[in-house]
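The values are calculated or read from the model by the stated rules, or taken from the named source; none is laboratory data. Everything numeric in this text was worked out from a predicted model, so none of it was measured. Neighbour counts run over all protein chains shown; Cβ positions are idealised from the backbone, glycine included. In case anyone asks, the SASA skips ligands and DNA or RNA and just uses the protein heavy atoms, side chains included. Shrake-Rupley method; radii C 1.70, N 1.55, O 1.52, S 1.80 Å.
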Amino acid sequence: AQHRGAGEAELHETTNHIFIMVSGEATFVTGGKMVGAKQSAPGQVRAPSIEGGQTHRLTKGDVITIPAKTPHWWKEVPTKTIEYYGVNIEN
């Protein structure tokens, strides 16, 4: 997968993620409270940002897991583009 720049915060009710960074650099936030959250699809919530949470600096070779029901957000992408393998596991 690719991501170009920061995106919206997301929460998935039944999907667990594993992201394996291939290239680029990003600030990724997990947990916290979604600000202005709205349901965007069944079992999925999106928001412009997250308050609080844990900040992770991700670069090539890093692996992060995001359990279902955990807010997560590509907050900053200083390299403008990142590439990663994403594994989605449904509960």
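Residues being open to solvent by less than 30 Å² (accessible area, probe 1.4 Å) and of a type in the set (K, R): count how many of those fall in segment 1-17.
0
Taking only segment 18-29 into account, find how many residues are in a strand (DSSP E or B), of a type outside the set (A, V, I, L, M) and open to solvent by 20 Å² or more (accessible area, probe 1.4 Å).
Residues in segment 18-29 being in a strand (DSSP E or B), of a type outside the set (A, V, I, L, M) and open to solvent by 20 Å² or more (accessible area, probe 1.4 Å): 2 in total.
Whether any residue in segment 52-71 is without any contact (Cβ under 8 Å) to a residue 60 or more places away in the chain, acidic (D, E), in a strand (DSSP E or B) and open to solvent by 40 Å² or more (accessible area, probe 1.4 Å) is what I want to check.
No: segment 52-71 contains no residue that is without any contact (Cβ under 8 Å) to a residue 60 or more places away in the chain, acidic (D, E), in a strand (DSSP E or B) and open to solvent by 40 Å² or more (accessible area, probe 1.4 Å).
Residues being among the charged types (D, E, K, R) and assigned to a strand (DSSP E or B): count how many of those fall in segment 1-17.
Number of matching residues: 2.
If we scan segment 12-19, do we find a residue that is modelled with pLDDT of 95 or more and within 14 Å of I82 (Cα to Cα)?
yes
Of all residues in segment 14-54, how many are more than 14 Å from the chain's Cα centre (by Cα) and either of a type outside the set (D, E, K, R) or closer than 11 Å to K69 by Cα (or both)?
13
Consider segment 81-91. How many of its residues are more than 14 Å from M21 (Cα to Cα) and either assigned to a loop (DSSP other than H, G, I, E, B) or open to solvent by less than 50 Å² (accessible area, probe 1.4 Å) (or both)?
Adding up the residues that qualify gives 1.
Filtering segment 30-51 down to residues that are open to solvent by less than 30 Å² (accessible area, probe 1.4 Å) and of a type in the set (A, V, I, L, M), which residue is nearest to K75 (Cα to Cα)?
I50
In segment 57-86, what residues are among the β-branched types (V, I, T), at pLDDT 95 or above and more than 13 Å from the chain's Cα centre (by Cα)?
Across segment 57-86, the qualifying residue is only T59.
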